[in-house]
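Here is the structure we will look at, set down as structure tokens.
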Amino acid sequence: MDQSHASADVRVLERDLRRIFGTRLQSLVTYGGGAHALAIVDTLTSDDLHACAERTGAWHDAHVATPLLLAAHEFESSLDAFPLEFGAILAEHTVVFGKAPFDSLRVEPADLRRAVEVQARSQLVHLREAFMEIGGRPNHLSLLILDSAPAFKALIESVHRLDPSFDAGQAAKPILALVGAHDLAAGEAERLFPGYLEALERLVNHVDTWTA
């Protein structure tokens, strides 16, 4: 998106950050569909944080989330630590102010695979543990599936970033269809849960054995 199309709300944030950081503000980008912002600065001090803290209330009033602030080179040096989160920013962002900060950057496939595996195994372990904690009761199972469906969708999106050809399988589709839903019949939850577990296990195995 062209810089001129940034929303008026984001321009409030840009104005304040330019006042606080002056020429130290290298870039301001939005990501997550414009819902979040990242500012890259030459240096970042406690005084800067205090100045930003004084403006946070005004940003929230303008419907602008508290921005992510990073000193120069912190984003690049953190790509291996946060390949999913920062990789998503690399994939889709809009420059609001300054230079395009990510043109030469990429997430290493090995770092992305490791992060996706951690995410996948964590969700599988959590789902098994949660099922035992609710005693398998159908009404509680409905809530478990509804609550975990968005995380399952995010996981599949992460796997597709690693391997666009990955097929989550038929068992995954009804779970994905529940994202945003508020009701799930107890009987339907009992029917879906075995396939849900199978889909997660299939996904974990795929990531575990994937090579670039």
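The values are calculated or read from the model by the stated rules, or taken from the named source; none is laboratory data. Only a predicted model underlies this, so the values are computations on that prediction, with no experimental measurement involved. Counting neighbours? That spans all protein chains shown, and the Cβs are built from the backbone with ideal geometry, glycine included.
Things worth noting here:
Residues are listed down the side, and each one gets a yes or a no for (1) basic (Lys, Arg); (2) more than 20 Å from the chain's Cα centre (by Cα):
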| position | (1), (2) |
| --- | --- |
| Lys99 | yes, yes |
| Pro109 | no, no |
| Arg113 | yes, no |
| Arg121 | yes, no |
| Gly135 | no, yes |
| His140 | no, yes |
| Asp147 | no, no |
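- Subset of the range 182-206 [surrounded by fewer than 16 Cβ atoms within 10 Å (Cβ to Cβ), among the aliphatic types (A, V, I, L, M) and within 14 Å of Phe152 (Cα to Cα)]: Leu197
- Residue in the range 141-164 that is under 26 Å from Gly87 (Cβ atoms), charged (D, E, K, R) and part of a loop (DSSP other than H, G, I, E, B) present: yes
- Boolean, Glu133 is over 30 Å from Val10 (Cβ atoms) and surrounded by fewer than 17 Cβ atoms within 10 Å (Cβ to Cβ): yes
- Matching option when the condition is of a type in the set (Asp, Glu), under 30 Å from Arg15 (Cα atoms) and without any contact (Cβ under 8 Å) to a residue 60 or more places away in the chain, among Asp103, Asp147: Asp103
- Screening the range 167-182 for residues that are part of a loop (DSSP other than H, G, I, E, B) and of a type outside the set (Gly, Ala, Ser) and picking the one that is farthest from His206 (Cα to Cα) gives His182.
Residue by residue, here is whether (1) in contact (Cβ under 8 Å) with a residue 12 or more places away in the chain; (2) in contact with a strand residue (DSSP E or B) (Cβ under 9 Å, 6 or more places away or on another chain) holds:
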residue	(1), (2)
Val12	yes, no
Leu28	yes, yes
Tyr31	yes, yes
Ile40	yes, yes
Glu54	no, no
Gly57	no, no
His60	no, no
Leu68	yes, yes
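- Screening Ser7 on (1) closer than 18 Å to His73 by Cα; (2) at pLDDT below 95; (3) not hydrophobic (A, V, I, L, M, F, W, C) shows it passes everything except condition (1).
- Pick from the range 168-181, criterion farther than 15 Å from Ser148 by Cβ and surrounded by 11 or more Cβ atoms within 10 Å (Cβ to Cβ), ranking: farthest from the chain's Cα centre (by Cα): Gly169
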